[in-house]
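Read through the structure below, which is laid out as structure tokens, and then see the notes.
The values are calculated or read from the model by the stated rules, or taken from the named source; none is laboratory data. Small disclaimer: the values here were computed from a predicted structure and weren't measured. Neighbour counts are summed over all protein chains in view; Cβ atoms, including those assigned to glycine, are modelled from backbone coordinates with ideal geometry. Side chains are part of the model used for accessible areas, which takes the heavy atoms of the whole protein and leaves out ligands, DNA and RNA. Shrake-Rupley method; radii C 1.70, N 1.55, O 1.52, S 1.80 Å.
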Amino acid sequence: MYRPVDLARAHGLSAQAVRNYEQAGVIPPAARTASGYRVYTDDHAGALDAYVALVPGYGYRAAGEIMRSVLRGDLPTALAVLDTGHVQRQRDRETVDRVASAAVVLASSTPAASGPDRPVSVGVLAHRLGVTPATLRKWERAGILAPARSRTARSYSPDDVRDAELAHLLRRGGYPLARIAAVIEQVHAAGGPGPLASSIDQWRERLTARGRAMLTGSARLADYLAFLERTHRDGPVSPDP
């Protein structure tokens, strides 16, 4: 038997946080003493271990969905959420690899330095890239480019030209427009292709840390599932068909 404070101390939480997790449905409901105090068991300890371990790798929302699915005996849904997390991490890894490749090209070609030193029109930029003006307007609608306007005419700054060249590179590599827009946003957040290149290692380190956290969370969840199967709290957990 455990008190809320006993479970809380094991994870550096407050007793109120444990009660909040129970209310959120990520650990089973607690029994009550005659005086109304909560009483937790190994079942609650195992569920809390799993939930707390899942959060760093999958996030609060997904971890909560996983645990609520497990607690209602819906293992297939829990596994589907886990799968979604791994798919997203793979996409993030592919994005970083693409950005790294783009950063190398940008660093070697220095488009901002070799390109125009003053704003250019949509026609000039389209000719420079070998695309149509309609393509550039489509990229603008997708959030990849944001040229200034002079009355009704678009005006592309040297940085806009750099963004267009990066978008063109990624588009030739098969990147969808939504993903290109995300890469361009990362370039802006990093302050340009130079700082971007230096931040790529940090992104990869975060991905590696998240991957390890996902492994740990999955292992704790597997431990909890094994506990449920041994104790048959509500009958065997439904297998994944």
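One line per residue, one yes/no per condition, for (1) at pLDDT below 70; (2) more than 34 Å from the chain's Cα centre (by Cα):
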{"position": "Arg89", "(1), (2)": "no, no"}
{"position": "Val96", "(1), (2)": "no, no"}
{"position": "Ala100", "(1), (2)": "no, no"}
{"position": "Ala103", "(1), (2)": "yes, no"}
{"position": "Leu106", "(1), (2)": "yes, no"}
{"position": "Ser114", "(1), (2)": "yes, yes"}
{"position": "Asp117", "(1), (2)": "yes, yes"}
{"position": "Gly123", "(1), (2)": "no, yes"}
{"position": "Leu129", "(1), (2)": "no, no"}
Got a number for residues in region 7-28 being surrounded by fewer than 17 Cβ atoms within 10 Å (Cβ to Cβ) and touching a Leu at 6+ places or on another chain (Cβ under 9 Å)?
-> 4
Options Ala62, Ala31: the member that is open to solvent by less than 80 Å² (accessible area, probe 1.4 Å), free of Cβ contacts under 8 Å to residues at least 24 places away in the same chain and within 25 Å of the chain's Cα centre (by Cα) | Ala62
Residue selected from region 131-153 under the condition modelled with pLDDT of 90 or more and touching a Ser or Thr at 6+ places or on another chain (Cβ under 7 Å), by the criterion farthest from Ala189 (Cα to Cα) | Ala148
Checking Asp83, Asp74, Asp42, Asp49 in turn, the sole residue that is without any contact (Cβ under 8 Å) to a residue 40 or more places away in the chain and open to solvent by 40 Å² or more (accessible area, probe 1.4 Å) turns out to be Asp83
Note on region 24-53: residues part of a helix (DSSP H, G or I) and either touching a Pro at 6+ places or on another chain (Cβ under 6 Å) or closer than 18 Å to Arg9 by Cα (or both) are Asp42, Asp43, His44, Ala45, Gly46, Ala47, Leu48, Asp49, Ala50, Tyr51, Val52, Ala53
